[in-house]
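Some notes on the structure that comes next.
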Amino acid sequence: MAELPITPRPLNDEERATYEWQTWVPDFGEEGQERLKGATVLISRVGGLGSVVAYELAAAGVGRMILAHAGDVKPSDLNRQLLMTHAQLGKPRIESAERRLHELNPRLEIVPVAENICEENVERLVGEADLVIDCAPLFEERFLMNREAVRQSKPMVECAMYELQAQLTTIIPGESPCLACLFPEAPPAWKREFPVFGAVSGTVGCLAAMEAIKLIAGIEGDLSGELLTMDLRTMTFQKHRVSRRRGCAVCGA
């Protein structure tokens, strides 16, 4: 894929010290770190998946994040939503996420949106980002982000999990299949609440964060055109080649 149009931002001495070890990674270096600092990432939901994605990207030095998540913290969030705390029960999730991320990285610019992705905000939020990461549980929201990312030619990292299974792919508009190619319709059994271990969410969340870092920094080997599936019950990982679907209502044209 072509390099994302990100303006690198110079590092200060504190940032050089903080990110020193990862700048030793071949094909990354200080130039890659400056691209992370200059990037804006939109994360849809900072729950079980998105909380880990956001935390890892904050730790890695992404400069700006747009976080979209509605609702208040509930007891059932606490087994997997690592940006939520017991002290925040009954309070807005987005406030807990913002506070926890700033504890880790006070330099991070956060745009908190106390809403889920919907028709009214999707165009604006996708338009403000260089990269989109879809961590939403419901296909209605995921399809909206996919449609808008394709329309605006914004790459999107798409991740999902259920019970002990998870999947991950990267959507590059015009090059790779979009979400509607893989799922022309929402699976009928997909529900808002489902069996989940936090460790499964965390596993695919870390992989999605790494995929985002590669896309921003220009490191080769992203998952565009491939679907990574994981069964953590048997510790089986597989990559499947996937193709654009002729006649896809979103990217077929």
Selection over segment 220-250 where residues are on the phi < 0 side of the Ramachandran plot, surrounded by fewer than 12 Cβ atoms within 10 Å (Cβ to Cβ) and small (G, A, S) yields a count of 1
In segment 133-171, the residues that are among the aliphatic types (A, V, I, L, M) and closer than 18 Å to A70 by Cβ = I133, A136, L138, L144, M145
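When residues of segment 16-65 are filtered for being of a type in the set (D, E, K, R) and buried (at least 21 other Cβ atoms within 10 Å of the Cβ), how many remain?
We begin by selecting, within segment 16-65, every residue of a type in the set (D, E, K, R); these are 16, 20, 27, 30-31, 34-35, 37, 45, 56, 64.
So of that shortlist, the ones also buried (at least 21 other Cβ atoms within 10 Å of the Cβ) come out as 34-35, 37, 45.
The total comes to 4.
Among what's in segment 199-253 and is of a type in the set (K, R) and closer than 24 Å to Y162 by Cα, pick the residue that is nearest to the chain's Cα centre (by Cα). Walk me through how you get there before you give the answer.
Kept after step one, since they are of a type in the set (K, R), are these residues of segment 199-253: 214, 233, 239, 241, 244-246.
If we keep only those that are closer than 24 Å to Y162 by Cα as well, we get 233, 239, 241.
Numbers: R233: 24, K239: 19, R241: 21 Å.
Looking at residues that are of a type in the set (K, R) and closer than 24 Å to Y162 by Cα, I get K239.
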Among the candidates K154, K239, which residue alone is closer than 27 Å to F28 by Cα, of a type outside the set (D, E) and out of contact with any helix residue (DSSP H, G or I) (no Cβ under 8 Å at 6 or more places or on another chain)?
-> K239
Which condition number does D72 fail, the rest of (1) within 15 Å of the chain's Cα centre (by Cα); (2) within 19 Å of C135 (Cα to Cα) being met?
-> (1)
Filter segment 147-193 down to residues that are within 26 Å of L232 (Cβ to Cβ) and acidic (D, E) and give me whichever is modelled with the lowest pLDDT.
-> E193
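What number of residues in segment 9-61 are among the hydrophobic types (A, V, I, L, M, F, W, C) and more than 30 Å from E163 (Cα to Cα)? It would help to see each step written out before you state the result.
At the first step, the residues of segment 9-61 found to be among the hydrophobic types (A, V, I, L, M, F, W, C) are 11, 17, 21, 24-25, 28, 36, 39, 41-43, 46, 49, 52-54, 57-60.
Subsequent filtering for residues that are more than 30 Å from E163 (Cα to Cα) retains 11, 17, 21, 24-25, 28, 36, 39.
So the answer is 8.
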Flag for S96 being among the polar types (S, T, N, Q) and either farther than 19 Å from G205 by Cβ or surrounded by fewer than 18 Cβ atoms within 10 Å (Cβ to Cβ) (or both) = no
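The values are calculated or read from the model by the stated rules, or taken from the named source; none is laboratory data. As the structure is a prediction and not an experimental result, all values here were calculated from the model. When we count neighbours, we look across all protein chains shown, and the Cβ atoms used for this are built from the backbone with ideal geometry, even at glycine.
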